[in-house]
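K.L.:
Take this structure first; my questions come after.
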Amino acid sequence: MARKLIVDGVDIEVEDGTTLMHACEAAGAEIPRFCYHERLSIAGNCRMCLVEVEGSPKPIASCAMLVNDLPPNRDGSPKKVFTTSKVAQKAREGVMEFLLLNHPLDCPICDQGGECDLQDQAMAFGVGGSRYEENKRAVEDKYIGPLIKTVMTRCIHCTRCVRYMTEIAGVEELGLIGRGEDAEITTYLEKGILTEMSANAVDLCPVGALTHRPWAHNARPWELTKTESVDVMDAVGSAIRVDTRGREVIRILPRNNDAVNEEWISDKTRHVVDGLKTQRLDRPYVRRNGRLVPATWAEALDAVAQRLKSTIAGRIGAIVGDLAGAEEMFALKELMTGLGVTNLDCRQAGEALDPALGRAGYLFNSTIEGIEVADAIMIIGANPRLEAPVLNARIRKRSRQGGLLVGVIGEAVDLGYTYTHLGVAPSALKQFVDHAAAAKERPMLIIGAGAMARPDGGAILALAAQAALSLGCVKDGWNGFNILHAAAARVAGLDLGFVPGAKGLTTAQMAAGGVDVLFNLGADEIDVAPGPFVIYLGSHGDRGAHRADVILPGAAYTEKSSTYVNTEGRAQQTVRAAFPPGEAREDWTILRALSAEIGRPLPFDTLEQLRAKMYAAVPQLAALNAVAPADASAIGELAKRAGTVRDDPLRSTVTDFYLTNPIARASQVMAELSALRHASNKMLSAAE
């Protein structure tokens with residue numbers, strides 16, 4: 001049912017259940033607010049959104065009043081609402097005066113300066129002075145966690161941080177204690193909050209009470225160049241903004257993308273920034289007499305070319321790591337197939353995924369937004385809280401709405417919502433293979449790398465496909481067979497067909513010494529046995545570089561324009577925000593130069609030419625920011641595959657959330673968080 005209102009003389013019609021605030025904004029009015037946030041429950045405690053309603057004895061908090069709660073006029077005429085009247089203006093000025101009673105004059109030294117809602121609204125809706133002459137109150141700063149710097153004297157008790165931690169992050173450890181002038185926001189147990197998404201609370205703070213500790217006092221917002229990009233710390237593909245000053249990345253903040261990450265990012269995504277500056281490879285190296293020594297680009301490329309030209313194709317292999325973009329993977333595949341090499345693999349963790357069956361066999365088919373309409377979710381061999389925290393927050397959001405049944409096969413861990421633990425071994429999945437269709441409209445399976453990256457991964461995947469078909473997860477208009485990837489590069493690699501060809505070797509076989517020359521494109525999670533000549537192209541001095549015989553320094557994700565495909569099959573592009581350090585270059589340009597050195601130049605000289613070739617080979621990579629439904633017949637083909645399932649427990653492949661890739665391992669902030677998490681886990685174990 002629609003309701004009619006007259007807002008500042010403008011006639012509007014809104015649906016029942018619309019807040020008065022949104023109704024006023026629909027009419028073009030500007031309503032200030034501090035406590036209200038679109039993704040949090042309504043608190044109605046800052047009173048900044050007061051408006052005048054005809055017939056009401058006092059101003060009304062528009063965020064907490066629904067249009068259908070307004071009493072009708074006796075003559076049936078629409079209610080009149082005034083947002084700029086003297087009554088509304090005076091009410092807001094009074095509220096602002098109260099909010100500023102105890103607020104310190106910290107603007108010159110406050111990190112929130114330039115991005116402060118209180119600062120902006122005090123200018124727009126406040127008055128030029130204060131009548132308050134008494135002493136201001138002071139509040140002791142709290143330790144909320146290693147990422148959040150607190151100056152609690154600035155706090156205006158909007159409780160956004162409390163509601164975020166409780167409702168979104170799932171950590172019920174922050175709250176408001178005391179009454180009146182003694183009210184304080186604090187952790188109940190006086191300890192730091194360790195959750196994978198705690199730092200989003202800082203973005204929500206409308207004043208400078210919570211700021212980011214790692215980059216405190218480093219820069220002012222107006223000094224920074226802002227670049228819209230995409231996160232690669234996991235396979236969700238969160239929308240981010242990279243802020244730089246000169247050649248240095250200063251901070252990473254979230255961007256809004258309702259289809260993927262809403263407006264949240266993980267703490268690793270946000271605070272991995274210092275890892276972009278340390279342990280960097282900034283010049284080529286060649287191993288001589290058992291030691292890596294600096295070399296020129298000409299010397300390094302010549303050493304690689306000579307080795308590739310003198311080795312038969314069957315003894316050459318190439319593997320791809322977790323952070324590689326589609327452009328460099330395409331260039332490497334073109335280079336290797338030109339040499340006749342079939343030993344190619346992008347599945348660094350060893351997932352039993354076969355792109356030949358079709359995209360539906362390796363995508364999160366229901367999409368991330370689809371979680372919000374699911375009514376049953378079974379998680380198999382995954383810990384989404386560590387593998388994809390933002391996606392896990394979406395499951396928690398759906399769980400809080402009620403009517404969701406969640407089951408877990410694998411480790412019994414704290415996911416932040418209630419679930420039924422069905423077992424730790426794959427045998428628990430067998431009971432669903434010949435099960436009657438679930439009495440649910442949109443059931444969903446989420447299969448993690450912990451189920452696929454095992455010797456019997458193919459058999460478990462086939463078992464999951466059979467269970468999905470039996471339970472009715474795949475039907476017209478709904479595909480609930482979902483693969484949850486943990487690596488940003490994996491889906492693009494599978495789309496490009498970067499997998500073993502005829503008689504080709506897998507990552508494990510190549511790393512075990514199955515080839516004489518191994519081209520390693522940023523694969524730092526594997527150990528290469530002694531024997532093969534290793535060429536490493538990457539950005540950081542991690543495990544891959546230590547084992548290399550030749551190091552070719554590449555660019556990190558903030559230093560290149562690359563295409564990444566997230567776990568649901570959505571192609572997105574990073575944008576270069578800074579330049580690689582020293583002599584490092586963008587990865588595809590290094591491969592193009594190497595191909596010329598070998599005498600087989602790749603057929604492109606610019607990024608545009610490369611992308612044209614890549615799009616011709618894999619058209620779905622050209623459809624940026626879009627998800628096309630994959631042919632579900634691939635799941636039926638997958639279900640036909642046979643294999644023996646072992647009864648070993650299913651375990652997530654992510655054991656330490658903060659140290660999953662070379663950039664994170666180079667970060668001091670991530671190292672501190674990892675140490676704190678381990679110490680906390682030991683204390684919990686001792687307490688139990």
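The values are calculated or read from the model by the stated rules, or taken from the named source; none is laboratory data. Remember, it's a predicted structure, so these values are computed and weren't measured experimentally. Cβ: placed from backbone, ideal geometry, glycine included. Neighbour counts: every protein chain shown. Only protein heavy atoms, including side chains, enter the accessible area calculation; ligands, DNA and RNA are left aside. Shrake-Rupley method; radii C 1.70, N 1.55, O 1.52, S 1.80 Å.
K.L.:
Within segment 69-88, is even one residue charged (D, E, K, R), more than 26 Å from residue 38 (Cβ to Cβ), in contact with a strand residue (DSSP E or B) (Cβ under 8 Å, 6 or more places away or on another chain) and in a loop (DSSP other than H, G, I, E, B)?
P.N.:
no
K.L.:
Filter segment 68-89 down to the residues that are modelled with pLDDT under 90 and either open to solvent by 50 Å² or more (accessible area, probe 1.4 Å) or within 18 Å of residue 18 (Cα to Cα) (or both) and list them by number.
P.N.:
Correct list: 68, 69, 70, 71, 72, 74, 75, 76, 78, 79.
K.L.:
Now for a separate question. Can you find even one residue in segment 450-473 that is assigned to a loop (DSSP other than H, G, I, E, B), among the small types (Gly, Ala, Ser) and more than 26 Å from the chain's Cα centre (by Cα)?
P.N.:
yes
K.L.:
Residues of segment 251-285 being of a type in the set (Asp, Glu) and open to solvent by 10 Å² or more (accessible area, probe 1.4 Å), which ones?
P.N.:
Of everything in segment 251-285, those that are of a type in the set (Asp, Glu) and open to solvent by 10 Å² or more (accessible area, probe 1.4 Å) turn out to be 258, 262, 263, 274, 282.
K.L.:
If you go through segment 234-249 one residue at a time, do you hit one that is among the polar types (S, T, N, Q) and under 9 Å from the mean Cα position of the chain (by Cα)?
P.N.:
Checking segment 234-249: at least one residue is among the polar types (S, T, N, Q) and under 9 Å from the mean Cα position of the chain (by Cα).
K.L.:
Evaluate segment 161-181: report whether one residue or more is among the aromatic types (Phe, Trp, Tyr) and surrounded by fewer than 19 Cβ atoms within 10 Å (Cβ to Cβ).
P.N.:
No; the residues of segment 161-181 include none that is among the aromatic types (Phe, Trp, Tyr) and surrounded by fewer than 19 Cβ atoms within 10 Å (Cβ to Cβ).
K.L.:
Regarding residue 541, is this residue surrounded by fewer than 19 Cβ atoms within 10 Å (Cβ to Cβ), over 20 Å from the mean Cα position of the chain (by Cα) and closer than 30 Å to residue 250 by Cα?
P.N.:
no
K.L.:
Is it the case that residue 59 is open to solvent by less than 70 Å² (accessible area, probe 1.4 Å), of a type outside the set (Val, Ile, Thr), under 20 Å from residue 8 (Cβ atoms) and in contact with a strand residue (DSSP E or B) (Cβ under 6 Å, 6 or more places away or on another chain)?
P.N.:
yes
K.L.:
I'm trying to understand the selection: among the residues of segment 570-582, which are out of contact with any helix residue (DSSP H, G or I) (no Cβ under 6 Å at 6 or more places or on another chain) and surrounded by 24 or more Cβ atoms within 10 Å (Cβ to Cβ)?
P.N.:
Residue satisfying the conditions is 570 alone.
K.L.:
Which condition does residue 366 not pass, out of (1) in contact with a strand residue (DSSP E or B) (Cβ under 9 Å, 6 or more places away or on another chain); (2) assigned to a helix (DSSP H, G or I); (3) buried (at least 22 other Cβ atoms within 10 Å of the Cβ), if it passes all the others?
P.N.:
Every listed condition holds for residue 366 apart from (2).
K.L.:
Exactly one of these conditions fails for residue 442: (1) surrounded by fewer than 19 Cβ atoms within 10 Å (Cβ to Cβ); (2) touching a strand residue (DSSP E or B) at 6+ places or on another chain (Cβ under 9 Å). Give me its number.
P.N.:
Here residue 442 clears every test but (1).
K.L.:
Go through segment 308-333 and give me each residue that's more than 30 Å from residue 564 (Cβ to Cβ) and either open to solvent by 70 Å² or more (accessible area, probe 1.4 Å) or in contact with an Asp or Glu (Cβ under 8 Å, 6 or more places away or on another chain) (or both).
P.N.:
309, 310, 311, 312, 315
K.L.:
Please enumerate the residues belonging to segment 216-251 that are touching a residue at least 60 places away in the same chain (Cβ under 8 Å) and β-branched (Val, Ile, Thr).
P.N.:
225, 227, 230, 232, 236, 242, 244, 249 - these are the residues of segment 216-251 that are touching a residue at least 60 places away in the same chain (Cβ under 8 Å) and β-branched (Val, Ile, Thr).
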